[in-house]
Amino acid sequence: MSGLVPADQQPWQWEEPVWRGLVEQVRAGRRLVPGSWPGGARVAVAISFDADHETPVLREGQTTPGGLAAGEYGARVAVPRILSLLERHGVPASFFVPAVSGLLHPGEVRDYAAAGHEVGVHGWIHERNTLLSEADERDLTLRSLDVLERLSGTRPVGIRTPSWDFSDSTLRIVQEAGFRYDSSLMADDDPYELLADGVPTGVVEVPVEWIRDDAPYFVMARYAGLRPHTAPAAVLGIWRDEFRGALAEGGVFQLTMHPGIIGHRSRLWVLDELLAEITASGPVWFATHAQIADHVRETA
């Protein structure tokens, strides 16, 4: 679709077919909220982690031990803590894993699968898929699928793009690869069907949101002047309010975290407290993203 944009025009000069075509390329279709959740639950809860580890710095060509060590912390220290916490609460989660991260930490991927968690695709090396050619994006996506299938024993059915965005080719590749759902876009609080140029695709979107992500609150970028600016207790309050809103509406509460960010001693208690409150508000359906996508597709 970007090929239709006149190279010599500013956006305010575009004719209606141009801007309308760009907007309609990938759009939200029918809302997929069923009349009831399994077990009579009042709300569905989808906990997820993007197990990026060393890949964001490798993507940038940064190979110094300091940057890589910060990523290694997520695999070495945070993931065991997180798996222990999830086991204690009896909560399944979805782990979206860059293939290179999986190859660096293959035992981790096997541990996810052995504990009953979902393993989803999160790119090859946390590349910015919106900057790739269609051929490169397709190649990296399919290679990632193969790697994660080999490591986990199950072929992933869901994808979260590394950039939380689509290129002109992403939705086409998602369909070609046979993914049942995506979790990268933000057109709703609850799941919906993706449209391609107005045509239903059958692909379920389990939407994310920066409000429900730990990175905006806690990320530290040494040379960019970015510093953690929100106290963990304040983040708990935001996520608690998001959950309470989903509970009141009978929808989905989806949460995204990163092991190397949320998994520190001063932060992981936030997830512990949140899961305890969610459980106490029952009945609640804790499910993987794949389970939620399949359920809403079949019943909504």
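For TRP269, TRP164, give me the order by solvent-accessible area with a 1.4 Å probe, most accessible first, ignoring ligands, DNA and RNA.
The most accessible residue leads, giving TRP269, TRP164.
Over all distinct Cα pairs, what is the inverse of the mean 1/r for the stretch 39-99, reported as the Kirkwood hydrodynamic radius in Å?
13.4 Å
Determine the share of the stretch 161-300's accessible area contributed by carbon and sulfur atoms, expressed in whole percent, with a 1.4 angstrom probe.
Carbon and sulfur: 53 percent of the exposed surface of the stretch 161-300.
Search the structure for amide H atoms under 5 Å from the amide H of ALA115, placed 1.01 Å from N in the peptide plane, and list their residues when 5 or more places away or on another chain.
Distant-sequence amide H within range of ALA115: zero hits.
Please pull out the direction-averaged projected area of the chain, using the convex hull of its alpha-carbon atoms, in nm² to one decimal place.
In nm², the orientation-averaged hull projection of the chain is 16.3.
Got a sec? What order do MET257, MET220 fall in by accessible area at 1.4 Å, biggest, i.e. largest, first?
Ranked list, largest accessible area first: MET220, MET257.
To the nearest 0.05, what FRET efficiency results for GLU72 and THR279 with a Förster distance of 30 Å applied to their C-beta separation?
E(calc), rounded to 0.05, equals 0.40.
I'd like the FRET efficiency for LEU22 and ALA300, computed as 1/(1 + (r/R0)^6) with the beta carbon distance as r and R0 of 22 Å, rounded to 0.05.
0.20
With a 1.4 Å probe and all protein chains left in place, how much accessible area per residue does the chain have, in Å²?
Value returned for the chain: 45 Å² of accessible area per residue.
With a 1.4 Å probe and every protein chain left in place, tell me how much accessible area TYR192 has, in Å² to the nearest 10.
For TYR192, the solvent-accessible surface is approximately 10 Å².
Is the C-alpha gyration tensor of the stretch 88-147 telling us rounded, prolate or oblate? Criteria: a/c under 1.5 is rounded; beyond that, a/b larger than b/c is prolate, otherwise oblate.
prolate
Calculate the radius of gyration of the Cα atoms of the stretch 46-193 to one decimal place, then report Dmax, the largest Cα-Cα distance, as a whole number, both in Å.
According to the Cα coordinates of the stretch 46-193, Rg and Dmax are 14.9, 44 Å.
Rounded to a whole number, what is D in µm²/s for the stretch 1-85 from Stokes-Einstein with the Kirkwood radius over alpha-carbon pairs (20 °C, 1.002 mPa s)?
In µm²/s, the coefficient rounds to 116.
Could you list which residues have their amide H under 5 Å from that of PHE253, counting only those 5 or more apart in sequence or on another chain, with H placed in the peptide plane?
Under 5 Å from the amide H of PHE253 lie the amide H atoms of ALA44, VAL45, ALA46, each far enough along the sequence or on another chain.
Which FRET efficiency value, to the nearest 0.05, is calculated for GLN175 and GLU209 with the Förster distance at 30 angstrom and r the Cβ-Cβ distance?
0.80
Specify whether the C-alpha gyration tensor of the stretch 212-275 places it in the rounded, prolate or oblate class, a ≥ b ≥ c being the square roots of the eigenvalues: rounded for a/c under 1.5, otherwise prolate if a/b is larger than b/c and oblate if not.
prolate
Cα gyration tensor of the stretch 246-300, axes a ≥ b ≥ c as square roots of the eigenvalues: rounded (a/c below 1.5), prolate (a/b > b/c) or oblate?
oblate
Whole-Hz ³J(HN,Hα) for each residue in the stretch 183-191, computed from phi via Karplus 6.51 cos²θ - 1.76 cosθ + 1.60 with θ = phi - 60°, x for glycine and proline: what do you get?
So the J values, rounded to whole Hz, are 9, 9, 10, 9, 7, 7, 7, 10, x.
How large, in percent, is the carbon and sulfur part of the accessible surface of the stretch 4-60 at a probe radius of 1.4 Å?
With neighbouring chains kept in place, the figure for the stretch 4-60 is 51 percent.
The values are calculated or read from the model by the stated rules, or taken from the named source; none is laboratory data. Being a predicted model, the structure only gives us computed values, none of them experimental. As a convention, Cβ positions derive from the backbone with ideal geometry for all residues, glycine included, and neighbour counts pool all protein chains shown. Side chains are part of the model used for accessible areas, which takes the heavy atoms of the whole protein and leaves out ligands, DNA and RNA. Shrake-Rupley method; radii C 1.70, N 1.55, O 1.52, S 1.80 Å.
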